[in-house]
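Down below is the structure, laid out as structure tokens.
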Amino acid sequence: MNELPAAAKRVQDAANALGLAVTVTIMPDSTRTAEEAAEACGCTVGQIVKSLIFKGKDTDQAYLFLVSGTNRVNEKAVAKTIGESIVRPDADFVRKATGFAIGGIPPFGHMVKLATFLDADLLQYETVWAAAGTPRAVFPVAPRQLRDTLVPTVIQVA
Ligand code: 5CA
């Protein structure tokens with residue numbers, strides 16, 4: 001078994017603790033953006049899970065959105081679902097809320113359990129790929145498995 005970088009190992013350990021049977025892989029090329037990840041994983045951009053952190057405008061609470069690589073979160077529409085306006089935080093807020101740097105934010109294994117929303121569009125795929133702690137670490141997973149493990153709020157984000 002190959003040695004994983006510390007941040008990727010934390011994601012693998014978190015998956016194991018959740019009982020989610022996935023294997024974190026280090027790619028030879030960058031998976032920092034959804035486009036790069038799709039290229040590296042040999043899948044479509046839609047099959048890439050973007051793990052996006054938003055910040056509640058009133059509460060400063062961190063919200064995690066697991067979004068298909070081809071979708072953009074409609075912040076106004078989503079505000080209605082969660083009950084407050086959301087804004088994109090800076091990289092520092094993201095690092096503090098998750099314990100990971102942008103480009104490698106995983107869908108779980110954060111410092112604290114985050115309120116989590118899953119893009120319903122991801123559920124159409126057999127397999128999707130998510131970031132696993134570093135800008136070259138990823139894992140494939142059945143989106144239904146991700147949903148059943150994390151029990152997120154499934155929403156239409158776009
Ligand atoms: N590893 C890839 C594919 S899984 C990945 O993590 N993609 S991502 O989309 O989930 O993460 C990058 C996201 O971070 C982008 O959507 C981008 O909008 C956001 N981002 C990039 N730079 C900043 C920044 N300085 N502050 C806040 N958000 C940022």
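Nothing in this text is a laboratory measurement; each read-out follows from the coordinates by a stated rule. Keep in mind that what you see is a predicted model, and the values were worked out from it rather than measured. Virtual Cβ from ideal backbone geometry, glycine too; neighbours counted across all protein chains shown.
Here are a few things to note about the model shown:
- Computed over the range 83-158: relative contact order in percent, which uses C-alpha pairs under 8 Å that are six or more apart: 29 percent
- Eligible aspartates and glutamates near LYS76 by straight Cα distance, threshold 15 Å, same-chain separation 8 or greater: ASP58, GLU84
- Pairs exceeding 18 Å between alpha-carbon atoms, taken from LYS9/LYS55; LYS80/LYS113; LYS55/LYS80: LYS9/LYS55; LYS80/LYS113.
- Sorted from greatest to least, the principal axis extents spanned by the alpha carbons of the range 44-158 come out as 37, 27, 23 Å.
- Computed over neighbours whose Cβ is under 10 Å from that of ASN71, the net charge equals 0, Lys and Arg +1, Asp and Glu -1.
- Max mean-square fluctuation residue, GNM over the chain, Cα-Cα springs under 10 Å, options ALA131, ALA91, ALA62: ALA91
- Positive minus negative residues near ALA101 (Lys, Arg vs Asp, Glu; Cβ under 14 Å): +3
- Overall form of the range 33-101 per C-alpha gyration tensor (a/c, 1.5; a/b vs b/c): oblate
- Prolate/oblate/rounded label for the range 97-158 (Cα gyration tensor, a/c 1.5): oblate
- The value of relative contact order for the chain, using C-alpha pairs under 8 Å at least six residues apart, is 29 percent.
- Point-charge dipole on Cβ atoms (K/R +1, D/E -1) for the chain, about Cα centre, debye to 20: 300 debye
- Per-residue [θ]222 nm for the chain (sum of -39500 (n - 2.57) over DSSP H runs n ≥ 4, rounded to 500): -8000 deg cm²/dmol
- Taking amide H as placed 1.01 Å from N in the peptide plane, the amide H of ALA158 sits under 5 Å from that of ASN74, each at least 5 places away or on another chain.
- Antiparallel DSSP beta bridges within the chain, as percent of all bridges there, nearest 5: 60 percent
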